[in-house]
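Some notes on the structure that comes next.
The values are calculated or read from the model by the stated rules, or taken from the named source; none is laboratory data. As the structure is a prediction and not an experimental result, all values here were calculated from the model. Here the Cβ is made from the backbone with ideal geometry for all residues, glycine too, and neighbour counts use every protein chain on show.
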Amino acid sequence: MAIVISKRIEYDPKIEKAVSNIVKLLNHDYKISKKSIALLLLQSDESIMEMVKKREGKVYKLIAEIVEKTCNSFDKPLNYVIAMNRQRVADDIAGKAVTYSRKKSSMTVSDILERITINPITGIPIFVLVLYYGLYKFVGGFGAGTLVDYLEGQVFDVYINPVVNSIVTTFIPWKPLQELLALDYGVITLGIRYAIAIILPIVGTFFLVFSVIEDSGYLPRLALLIDKVFKGIGLNGRAVIPLTLGFGCDTMATIVSRTLETRRERIISTLLLALAIPCSAQLGVIMALMSHIPVALVVWIVFIFLVFLLVGYLASKVLPGNKPSFYMELPPLRFPKVTNVLTKTYTRMRWYFFEVVPFFIAASVVIWFGNITGLFQNIINVLAPIMHLLGLPDEAAKAFVFGFFRRDYGAAGLYDLHKAGLLSGNQVLVASVTLTLFIPCIAQASVMVKERGIKTALAIMAFIFPFAFFTGFVLNSLLNLLGVSF
């Protein structure tokens, strides 16, 4: 026989009074109860606030005054206060409806794993191991190393590119058209090669690892683990979701940042995604570049992490707003289901691949046009003095031009320079740091404009562009001053 437990949620008297007053002022139908609308208004739900403002007109001013007065009467955000009220009722109902067949004192393996993943003493080493074996060894070693070496070094360099170059130069007499399809900057020999031989295997291995982490229930525990660190940069543990997704694709992660509670948090997360979070392909290429100099890789990680914390901290001090609250349901840890992991990986790879190939082809066409008109070379000439300040060769400017279209495109350009022996260990490190911090690609920039508004997006890019080169200059100067050589 089913037991039905019904209980009305009673909020703090001040909240109940505010809800009652707001309900009286609401004159339109919202498809859901007016009490629900009032509670969402008190929790500063932006979409509801915008809808009520549009429908209620002048009355909204009175509603906004009630919301502001009620918010000021609590020392914690109302969304937190309301959530805790609901949690207490849910716990009470669960306590009456649920019985346990085992003693609470007994600990299962799952219980032990759940505790050690959220305890900083044990959780941080576990997180480091996940990064080392998941990203460095599997994505950086296997994806960016073994798979890229085979596809790029064997399939394209030995078979596809020579055949394409031969066919194009034999049957197409016009040099500009030859360069559009093949040779140095051709759609096939450069754009398609980058997309399939360098980017696709790295993205695929990253999404496979991320799907395993996501399906295991580990991600919410990571959010809880780093919540205190994120509080120092104006975010909370929930921000780990868009920021972690940024290691897959910053464009997708910028969209996901809309799930954060306040505009302040969304702006800070967007800034950090655009500045200091490399996408999976860029991350994999950089790991491949520095795989033979692990000390330089450690320096790159530490340097980018310090920039991440510094910029986040300064942004939290500059942008107005209250400290964010954090609460999140922790699902049970479990062994990932193979079908779930494969489905998620395939879906993300397909989405990413169909997004990235058109951009790489378009970028190749634009670069071809810039090359035959001399515009591309003029841009490189403008960037050449900046490259000198960074201690980089003139050819490195090409990677930054590529990076304007897509960051992973730029990273692939660095990969070619390194393979040609044009970059020393120090230059690889400086170029990798600068390119990581470089302005976001066209796709991410367009999403930033859509999600944050054109003024905010332009302000973020105006900050990032000089900051990236200044940071690269500082790093190069420090390496020279300290006599460090990799």
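Is it the case that some residue within the stretch 417-428 is farther than 23 Å from Ile192 by Cα, part of a helix (DSSP H, G or I), in the same structural domain as Leu190 (by TED's automatic domain parsing) and among the hydrophobic types (A, V, I, L, M, F, W, C)?
Yes - at least one qualifying residue is present in the stretch 417-428.
Would you check if Ile439 is in a helix (DSSP H, G or I) and in the same structural domain as Ile286 (by TED's automatic domain parsing)?
no
Which residues, taken from the stretch 51-72, are exposed (fewer than 14 other Cβ atoms within 10 Å of the Cβ) and basic (Lys, Arg)?
Lys54, Lys58, Lys61, Lys69
Just one of Gly123, Gly57 is out of contact with any helix residue (DSSP H, G or I) (no Cβ under 7 Å at 6 or more places or on another chain), outside the structural domain of Glu451 (by TED's automatic domain parsing) and at pLDDT 80 or above; which is it?
Gly57
Restricting attention to the stretch 282-295, report how many residues are in contact (Cβ under 8 Å) with a residue 24 or more places away in the chain and surrounded by fewer than 19 Cβ atoms within 10 Å (Cβ to Cβ).
Residues flagged as in contact (Cβ under 8 Å) with a residue 24 or more places away in the chain and surrounded by fewer than 19 Cβ atoms within 10 Å (Cβ to Cβ) within the stretch 282-295 amount to 3.
Counting just the residues of the stretch 440-475 that are among the aliphatic types (A, V, I, L, M) and closer than 23 Å to Pro385 by Cα, which one comes out surrounded by the fewest Cβ atoms within 10 Å (Cβ to Cβ)?
Step by step, filter the stretch 440-475, then rank; the result is Ala462.
Within the stretch 197-217, can one find any residue that is surrounded by fewer than 22 Cβ atoms within 10 Å (Cβ to Cβ), within 30 Å of Lys317 (Cα to Cα) and out of contact with any Leu (no Cβ under 7 Å at 6 or more places or on another chain)?
The answer is no, given that none of the residues of the stretch 197-217 is surrounded by fewer than 22 Cβ atoms within 10 Å (Cβ to Cβ), within 30 Å of Lys317 (Cα to Cα) and out of contact with any Leu (no Cβ under 7 Å at 6 or more places or on another chain).
Which is crowded, with 20+ Cβ neighbours inside 10 Å and more than 20 Å from Asp184 (Cα to Cα), of Leu437, Leu478?
Leu437
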